[in-house]
Amino acid sequence: MGLLDYFKRKAPSAAIAKDRLSIIVARERGTSRNTPDYLPQLQQELLQVIAKYELIDLDQVSVNVDRNGGCEVLELNIVLGENGKPKSDAPKLTVAPAASS
Amino acid sequence: MSKIVVITSGKGGVGKTTTSANIATGIALLGHKTIAIDFDVGLRNLDLVMGCERRVVYDLINVIKGEAKLQQAIIRDKRVENLYMLPASQTRDKDALDPEGVGRVLEQLKEMGFDYIICDSPAGIERGAQMAMYFADEAIVVTNPEVSSVRDSDRVLGLLNAKTSRAEAGGEPIKTHLLLTRYSPAEVERGEMLSVGDVLELLGIPFLGVIPESKAVIQASNKGAPVILDEMTDVSQAYIDVVYRFLGQERPHRFIEIEKRGFLKRIFG
């Protein structure tokens, strides 16, 4: 460290790194470690069931687990097709039976 | 009793192989029969770092596939007594690693009387990395004081707690240790690098020590002799401390604080 460095104090980037990490690490611990891993499959199967009756978009179903204190909420969000009309040419879908495990 | 130890990190290039070679060498120097296994199928390098690349004939995959006997694949170190290594395959696919095969090899090594089995994990969190950690009793998580490495280490800690034999059996969890490598106290003091305290706070696992950033590591790998053998270097001293701590001895932490420099040197840089 030279003489000049004593006078020009830069914003310490390590502090920024730590802040960013605390946030991302906390978030990823929340999702990847504690979320049940059946969510994608649940979403897929729900989609198949709903698709039998309604015209829906693949992206219009979302499944989330929310945690409020000790309380867990399974949140299911489905946006129905236009006017909510039943699908006329509903394809035959086989819904896999729920896994017993 | 044999102990299986995985050296892992998630991120590549943080010093897993260097750490595997040096910790295995250090433990062997203290008289324990030790083997280092390279799990990086397709990109083996532990043989180079340990300086035995020209003696590789058979590898881990050959043994798993029954194409060679374990004894044929194991390489005995020429410098250090009690030290052995088992190379990874350079040509085969990672999918050749299966839990049954790996479990069989580890079981055989235990029967052969190895005290410590050091598994050098590949980077990533795919099959190779999962196989390296699956049977582990303890894990050394190698982390650089840098955002992507810390994040990946946290992810790996999640896997150690979920996708391993111990986790699945629901018994005692894998004992984890944090090793902070490529540490530069000068940069930490300038506020340009995450400190030991920062990383410990973020990851929250027991601390094994720091390995200072040093040219000696590359010089050692150039020569194919683990840097721990070059006792004049800081890195060697740091690894020796780490080995003692890992084996349960108390050692004061070094290389965390900046080296005190004279007044003139501070002024003129």
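The values are calculated or read from the model by the stated rules, or taken from the named source; none is laboratory data. Not measured: the values here are computed from a predicted model. Neighbour counts run over all protein chains shown; Cβ positions are idealised from the backbone, glycine included. Side chains included, ligands, DNA and RNA excluded: accessible areas come from the protein's heavy atoms. Shrake-Rupley method; radii C 1.70, N 1.55, O 1.52, S 1.80 Å.
Per-structure values
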{"quantity": "Alpha-carbon radius of gyration plus Dmax, which is the widest Cα pair, for chain B in Å", "calculated": "18.3, 65"}
{"quantity": "Amide H partners (placed H, <5 Å) of B:I118, local residues excluded", "calculated": "B:V5, B:I35, B:A36, B:I37"}
{"quantity": "Antiparallel bridges, percent of DSSP beta bridges restricted to segment B:26-185 (to nearest 5)", "calculated": "10"}
{"quantity": "³J(HN,Hα) computed for each position of segment B:177-193 - Karplus, 6.51 cos²θ - 1.76 cosθ + 1.60, integer Hz, glycine/proline x", "calculated": "9, 9, 10, 9, 10, 6, 8, 10, x, 5, 5, 4, 5, 7, x, 10, 9"}
{"quantity": "20 Å binning of all Cα-Cα separations within the protein assembly as shown, expressed as whole percents from 0 upward", "calculated": "25, 46, 24, 5, 0"}
{"quantity": "Pairs beyond 31 Å (Cα-Cα), from B:K78/B:K163; A:K18/B:K163; A:K18/B:K33; A:K52/B:K163", "calculated": "B:K78/B:K163; A:K18/B:K33; A:K52/B:K163"}
{"quantity": "Accessible area buried between chains A and B, both sides summed, probe 1.4 Å, in Å² to nearest 100", "calculated": "1800"}
{"quantity": "Antiparallel content of DSSP bridges confined to chain B, in %, to 5", "calculated": "5"}
{"quantity": "Loop GluC sites (Glu not before Pro), segment B:107-155, which have at most 11 other Cβ atoms in a 10 Å radius of their Cβ (DSSP)", "calculated": "B:E126"}
{"quantity": "Helix B:16-29 axis, angle to chain B major axis (alpha carbon atoms, nearest 10°)", "calculated": "80"}
{"quantity": "Pair A:D66, A:I78: separation of 7 Å Cα→Cβ label points (nm)", "calculated": "1.9"}
{"quantity": "Stokes-Einstein D in µm²/s, Kirkwood radius over Cα pairs - segment B:139-262 at 20 °C with 1.002 mPa s viscosity", "calculated": "137"}
{"quantity": "With eigenvalues of the C-alpha gyration tensor scaled by 5 and rooted, segment B:57-96, Å", "calculated": "21, 11, 7"}
{"quantity": "At 1.567 mPa s and 4 °C, Stokes diffusion of segment B:60-146 via Kirkwood alpha-carbon radius, µm² per second", "calculated": "92"}
{"quantity": "DSSP-defined beta bridges in the protein assembly as shown - what % are antiparallel, rounded to 5", "calculated": "30"}
{"quantity": "Surface/4 of the Cα convex hull for segment B:16-90, nm²", "calculated": "4.4"}
{"quantity": "For segment B:39-44, Karplus couplings with θ = phi - 60° (6.51, -1.76, 1.60), whole Hz, Gly/Pro x", "calculated": "9, 7, 5, x, 9, 6"}
{"quantity": "Karplus 3J(HN,Hα) series, Hz, for segment B:117-126 with 6.51 cos²θ - 1.76 cosθ + 1.60 (x for Gly, Pro)", "calculated": "10, 9, 9, 8, 7, x, 5, x, 10, 7"}
{"quantity": "Accessible area of B:D77 in the full protein assembly, 1.4 Å probe (Å², nearest 10)", "calculated": "20"}
{"quantity": "Efficiency of FRET from Cβ geometry, B:I258 and B:L30, R₀ 41 Å, rounded to 0.05", "calculated": "0.85"}
{"quantity": "Top of B:I37, B:I125, B:I228 by mean-square fluctuation, Gaussian network on chain B, Cα under 10 Å", "calculated": "B:I125"}
{"quantity": "Between helix B:234-246 and chain B: long-axis angle, C-alpha atoms, 0 to 90°, nearest 10", "calculated": "60"}
{"quantity": "Between helix B:99-111 and chain B: long-axis angle, C-alpha atoms, 0 to 90°, nearest 10", "calculated": "80"}
{"quantity": "Placed amide H near B:M193: partners under 5 Å, 5+ positions off or other chain", "calculated": "A:A14, B:V188"}
{"quantity": "Under 5 Å, built H, 5+ apart or other chain: amide partners of B:F207", "calculated": "B:L178"}
